[in-house]
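Worksheet: the structure to be examined is printed underneath.
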Amino acid sequence: MRSISTFGAAVFAFVAATVFSAGISLAGDAHTTTKFEGVKANAGTATHSRQGNSDMLTWSDDFKIPDTPAPHWQVIDSKGNTFLLQRLVIKGDKQNKSIVLPAYVKDVAKVQIWCAWAEALLGEASFSKAIKTAAGERDSMMASR
């Protein structure tokens, strides 16, 4: 009877360790920027995550949408290329809190909040190092062949 209990405990420990390490690897896929700083965007952060082959950016709960006519997501890659993306506010009270990065963005070094109407930088946040997107990883693998 005692050997069954020992075996059950060993199986439980193995399953718990597997689940725990899987949780760590999933959390390791998320990257968070510094706090947004600028003339209108001074709170919150952006988080990069990957779902399958899609790279996502999501602002934190403490982020405040600037009160300007056309605030947009904008990213800058490690080469200094700038990509203007979706508006933060869609229609009415709908928001683009999360967006999927297009495949032509190969990495992201900075996330900006950009007013497309006034053509002004409202705030900026940086990653500690550029985050390579799935498209960027795929291109690197193809180039190394």
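A few points about this structure:
- If you go through the stretch 61-81 and pick out every residue that is without any contact (Cβ under 8 Å) to a residue 24 or more places away in the chain and under 16 Å from residue 123 (Cβ atoms), you end up with 2.
- Among residues of the stretch 99-127, those that are of a type in the set (Gly, Ala, Ser) and free of Cβ contacts under 8 Å to residues at least 60 places away in the same chain, counted: 4
Quick note: the coordinates plus some simple rules give every number you see, no bench work behind them. All of these numbers come straight from a predicted model, not from anything done at the bench. Glycine also receives a Cβ, built like all others from the backbone with ideal geometry; neighbour counts cover every protein chain displayed.
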